[in-house]
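Since the structure comes first, as structure tokens, the remarks are kept for the end.
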Amino acid sequence: MEQLVQQIANYKQEIGAFEATTAEAVEAFRIKYLGTKGLVKQVMGEMKNVPNEQKKAFGQILNEFKEFAENKYTSLKEQTEAAGDTHIQQIDWSLPGDPVAVGTRHPLSIVRNQMIGIFRRLGFAVAEGPEIEDDWHNFGAMNLPEDHPARDMQDTFYIHQNPDWLLRTHTSSVQARIMEQQKPPIRVICPGRVYRNETISARAHCFFHQVEGLYVDENVSFADLKQTLYFFVQEMFGREVKVRFRPSYFPFTEPSAEMDISCQICGGSGCNICKHTGWVEILGSGMVHPKVLENFGIDSNRYTGFAFGMGVERITQLKYQVNDLRLYSQNDVRFLKQFTGAL
Ligand code: PHE
């Protein structure tokens, strides 16, 4: 019994000297001394070995010991919580946070989305297709048979494994795939990346982006083509923009025309971008060639259609005055972040 009392006194000393600065240490204290397998429980278990006449006195010592450990636990807890509070008070909540770099949309994506938005309002659906195409969808079906000289205008990259495969030169290939699957009325625009075998410079690149459009129905006329494209440029560049059509040649349209708009950089007075003419070409267009319709089993006596195709880079250049095509794909953040805040 005396030994036990001595032991308890030692434990009390140990407990009294216990220090804790973290919540984990306080929890460790609780487990060690007050837990179900803790020291206090263990010492209590000694009661059964104490002779009856001493039980009362020993009981008192035990209760005191238990209370001592519990009080120590409460005060340790209060101390660490208070310390935690002062830690929180030391944080200056008014300081600005660490900046998180927010990405922006690429200028070509911004302009492409605007273009799609305008045509959507006119009832055009959006269609996409593969960038690796076969000869038929890119050229053959578009009335550009093999050895046709117009293929020179759109030289591309061929794929070794299969001479029939190539990187599409225009998204007219998507129009071909649509006409293959759907019957008129057809009203689609085809945004996407296209490829040309060109030497890279400020004005040419081996790939660029297009939005092409196709409208096939009964009684579609050249007047519809003109009005649709005029509406488009007014929405894109504002009411003041002027347009002009020049006769042109594409194997898949007849008649064909290129459309110019008044130069958005100099307002028409002449600059480098418009080569001092006041006009900038922005797209090719025309009435779909009857042979193209027939290639897809569309009756060209009943249906007519118009088609157009334009480069997203060109439209972006005019909208944001970017004068080097290479900037679009160099991934220079100083260039890209200038478009922060644009849609
Ligand atoms: N496919 C042509 C090109 O990429 C553009 C175009 C489309 C012209 C539709 C006329 C009609 O150059």
- Message: If I model a spin label as a point 7 Å beyond the Cα along the Cα-Cβ vector, how far apart are those points for D217 and A57 in nm?
- Response: 11.0 nm
- Query: What FRET efficiency, computed as 1/(1 + (r/R0)^6) with R0 = 56 Å and r the Cβ-Cβ distance, is obtained for E294 and D98, rounded to the nearest 0.05?
  - Reply: 0.30
- Message: Placing unit charges on C-beta atoms (Lys and Arg positive, Asp and Glu negative, everything else neutral), compute the dipole magnitude of region 266-343 about its Cα centre in debye, rounded to 20.
- Response: 200 debye
- Task: For a quick protection proxy, order the peptides 26-39, 221-234, 275-288 by their average other-Cβ count within 10 Å, most packed first.
- Result: 275-288, 221-234, 26-39
- Task: Please work out the Cα center distance from region 233-259 to region 58-134, rounded to the nearest Å.
- Result: 51 Å
- antiparallel share of DSSP beta bridges within region 107-339, to nearest 5, in %, is 95 percent
- Check each of the trypsin sites (Lys or Arg not before Pro) in region 131-219 and keep only those in coil by DSSP with at most 16 other C-beta atoms within 10 angstrom; list them in order. R203
- Message: Run the numbers for L122 and D332: contour at 0.36 nm per residue of separation, minus the present Cα-Cα distance, in nm.
- Response: 72.0 nm
- Message: Place a point 7 Å from the Cα of A150 along the Cα-to-Cβ direction; which residues of region 119-141 have their backbone N under 17 Å from it?
- Response: 135-141
- Task: Mind checking which lysines have their Cα closer than 16 Å to the Cα of K77? Skip sequence neighbours fewer than 8 apart in that chain.
- Result: K32
- Any idea which of F18, T36, Q54 is furthest toward the positive side of the dipole for region 2-89, if Lys and Arg beta-carbons carry +1 and Asp and Glu beta-carbons -1? Q54
- Message: Quick check on region 107-339: take the gyration tensor over C-alpha atoms, sort the square-rooted eigenvalues as a ≥ b ≥ c, and tell me if it's rounded (a/c under 1.5), prolate or oblate.
- Response: oblate
- Message: No partner Cβ under 4.7 angstrom, meaning no disulfide-compatible partner by this rule: which Cys of the chain qualify?
- Response: C190, C206
- Message: Quick query: amide H of L283 versus all other amide H atoms, modeled in the peptide plane; which residues come in under 5 Å with a sequence gap of 5 or more or a different chain?
- Response: M259
- Item | T340 paired with T199, simple spin-label distance in nm, labels 7 Å along Cα-to-beta-carbon | 3.9 nm
- Place the peptides 92-98, 119-125 in order of packing, highest mean first, counting for every residue the other Cβ atoms within 10 Å and averaging per peptide. 119-125, 92-98
- Note on the structure: Which residues qualify? For T156, with a placed amide H closer than 5 Å and at least 5 residues away or on another chain, they are N197
- Item | Calculated [θ] (222 nm, deg cm²/dmol) that DSSP helices of n ≥ 4 give over the chain, each run adding -39,500 (n - 2.57) | -12000 deg cm²/dmol
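Since every read-out is calculated from the coordinates, none of them should be taken as a lab result. Small disclaimer: the values here were computed from a predicted structure and weren't measured. As a convention, Cβ positions derive from the backbone with ideal geometry for all residues, glycine included, and neighbour counts pool all protein chains shown.
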